[in-house]
Structures are given as structure tokens and as C-alpha cells.
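Take a look at the following structure, please.
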Amino acid sequence: MTLDITIEDSRWQEAGLEALAEQAVSAVLAHFALDPEDCEISLLACDDPRIADLNAEFREKAKPTNVLSWPAEDLAAEEDGGTPARPQADFTGEYPLGDIAVSYDTCAREAAEAGKPLGDHTRHLIVHGMLHLLGYDHIRDRDAALMEGIEVLLLGKMGIANPYMSEDAP
């Protein structure tokens with residue numbers, strides 16, 4: 001697997017981002033039976049000011065967010081709840097999937113507020129970003145349910161509790 005990680009914020013090194021990212025990306029690729037040796041993904045590990053700039057530039061939202069993704073190709077299903085198209089290899093036989101950016105500040109704050117380990121929340125955000133690269137989204141209701149179900153399944157395989165389940169829920 002070509003997982004190109006650029007660490008702009010050293011706190012990500014202290015958090016063990018490389019191992020967390022490799023585990024999350026590998027889980028997603030295995031789920032979709034994509035050979036990791038043929039896939040290309042870039043991950044930018046940054047802070048809130050950097051991700052706020054990216055969010056403003058690409059989504060016209062001038063505020064920080066936890067994760068952003070830029071798919072190499074549009075794989076989204078036309079119908080709400082439909083399965084996205086499978087990525088296609090380029091002329092070299094590789095699958096360029098796209099780019100992900102994750103902010104340390106927002107990730108750490110969200111993990112602390114939810115009482116979750118930073119590593120678990122980081123892996124969740126990377127799984128989430130990877131699913132966006134593979135055409136999944138959460139704008140329409142059935143798409144959101146499909147994406148959330150896959151996230152919960154993959155996180156469960158990594159020993160991470162359902163992040164959408166409230167402790168107050170029955």
C-alpha cells in the first residue's frame with residue numbers, strides 16, 4: 001500500500017498516527033477486497049488553522065473540521081442508499097484513491113469531550129475519510145445509514161465501540 005503521510009503537526013507523531021492510519025486504511029481496503037499493494041492514499045496530519053484554510057478553500061466553510069477528503073474519482077451512487085461504484089485502476093494498474101486531511105486539535109478535543117481514547121477517534125476519522133474516498137457519503141439519509149453501518153462494522157473489528165451509540169441509549 002502506498003500510504004503517503006505528511007505530518008505538519010508534531011503532536012500526531014506523539015499520538016502514533018502512522019500505525020493508527022495503517023490499521024484504519026488496511027481495515028477499509030480489506031473490507032472492500034482492494035489489494036493494499038495497488039492502492040495510493042495521501043494523508044495530511046495537520047492542525048486546526050491548516051484544516052480551516054483547506055475547508056474554506058474547498059468547501060467554502062471558513063472553520064476547522066475534524067477530517068476532509070478529496071476522492072480521486074467520483075464513485076458515489078446515484079440513488080440514495082445505493083452502493084458506490086468500485087474504483088478503477090489507472091494505466092499503471094494502481095488505484096489512486098485520493099487525499100485525506102485530519103486535524104489534531106479537533107480530533108483531540110472531540111475525543112476528550114466524548115471520553116474516548118485519541119487513537120480510537122483518530123482511526124474512526126480515517127475510516128470515515130477512506131469511505132468518502134470510496135464514494136460513500138452522509139448527506140442523504142439512506143447513504144448516511146449505509147456509511148455509518150460500514151464504519152461501525154469496521155471499527156468493531158478493530159475493537160472500537162460504536163461511536164454513534166449514546167451511553168444513554170437503551
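Taking helices (runs of 4 or more DSSP H) that do not extend beyond the stretch 94-170, which have at least 3 residues that are β-branched (Val, Ile, Thr)? Outline the logic, then answer.
On the way: elements: 104-114, 118-133, 141-157.
Correct list: 118-133.
Counting only residues that are surrounded by 14 or more Cβ atoms within 10 Å (Cβ to Cβ) and hydroxyl-bearing (Ser, Thr, Tyr), which one in the stretch 51-87 is nearest to ALA30 (Cα to Cα)?
The extreme case among them is SER69.
Of the residues ALA111, ALA101, only one is closer than 24 Å to ALA15 by Cβ, crowded, with 19+ Cβ neighbours inside 10 Å, more than 15 Å from the chain's Cα centre (by Cα) and not charged (D, E, K, R); which?
On the way: ALA101 fails: more than 15 Å from the chain's Cα centre (by Cα).
Of the residues listed, the single one that is closer than 24 Å to ALA15 by Cβ, crowded, with 19+ Cβ neighbours inside 10 Å, more than 15 Å from the chain's Cα centre (by Cα) and not charged (D, E, K, R) is ALA111.
Give just the number: which of (1) in contact with a helix residue (DSSP H, G or I) (Cβ under 6 Å, 6 or more places away or on another chain); (2) hydroxyl-bearing (Ser, Thr, Tyr); (3) part of a strand (DSSP E or B) does SER42 not satisfy?
SER42 satisfies every listed condition except (1).
Picking from ASP48, ASP105, ASP38, ASP53, which residue would you name as being over 25 Å from ALA145 (Cα atoms) and either among the basic types (Lys, Arg) or in contact with a Phe, Trp or Tyr (Cβ under 6 Å, 6 or more places away or on another chain) (or both)? Walk me through how you get there before you give the answer.
Numbers: ASP48 fails: either among the basic types (Lys, Arg) or in contact with a Phe, Trp or Tyr (Cβ under 6 Å, 6 or more places away or on another chain) (or both); ASP105 fails: either among the basic types (Lys, Arg) or in contact with a Phe, Trp or Tyr (Cβ under 6 Å, 6 or more places away or on another chain) (or both); ASP53 fails: either among the basic types (Lys, Arg) or in contact with a Phe, Trp or Tyr (Cβ under 6 Å, 6 or more places away or on another chain) (or both).
Step by step, each of ASP48, ASP105, ASP38, ASP53 is checked, and only ASP38 is over 25 Å from ALA145 (Cα atoms) and either among the basic types (Lys, Arg) or in contact with a Phe, Trp or Tyr (Cβ under 6 Å, 6 or more places away or on another chain) (or both).
Given the structure, is LEU134 among the hydrophobic types (A, V, I, L, M, F, W, C), touching a residue at least 24 places away in the same chain (Cβ under 8 Å), in contact with a strand residue (DSSP E or B) (Cβ under 6 Å, 6 or more places away or on another chain) and surrounded by 12 or more Cβ atoms within 10 Å (Cβ to Cβ)? Working first, answer last.
Working: among the hydrophobic types (A, V, I, L, M, F, W, C): yes; touching a residue at least 24 places away in the same chain (Cβ under 8 Å): yes; in contact with a strand residue (DSSP E or B) (Cβ under 6 Å, 6 or more places away or on another chain): no; surrounded by 12 or more Cβ atoms within 10 Å (Cβ to Cβ): yes.
No, not satisfied.
Which ones in the stretch 1-11 are closer than 21 Å to GLU40 by Cα and touching a residue at least 40 places away in the same chain (Cβ under 8 Å)? Break it down stepwise before answering.
Of the residues in the stretch 1-11, the ones closer than 21 Å to GLU40 by Cα are 1-8.
Matches in the stretch 1-11: MET1, THR2, LEU3, ILE5, GLU8.
Would you mind telling me which numbered condition in (1) without any contact (Cβ under 8 Å) to a residue 24 or more places away in the chain; (2) out of contact with any strand residue (DSSP E or B) (no Cβ under 7 Å at 6 or more places or on another chain) ASP90 fails?
Answer for ASP90: the failing condition is (2).
Find the residue count for the stretch 10-45, including only residues that are touching a Ser or Thr at 6+ places or on another chain (Cβ under 6 Å) and either over 26 Å from GLY93 (Cβ atoms) or among the hydrophobic types (A, V, I, L, M, F, W, C) (or both).
Summing the residues that are touching a Ser or Thr at 6+ places or on another chain (Cβ under 6 Å) and either over 26 Å from GLY93 (Cβ atoms) or among the hydrophobic types (A, V, I, L, M, F, W, C) (or both) in the stretch 10-45 gives 2.
Bear in mind that the values in this text are calculations on the coordinates, not laboratory data. All figures in this text were calculated on a predicted structure; none of them were measured in a lab. Because the Cβ atoms are built from the backbone with ideal geometry, glycine has one as well, and the counts that use them run over all protein chains shown.
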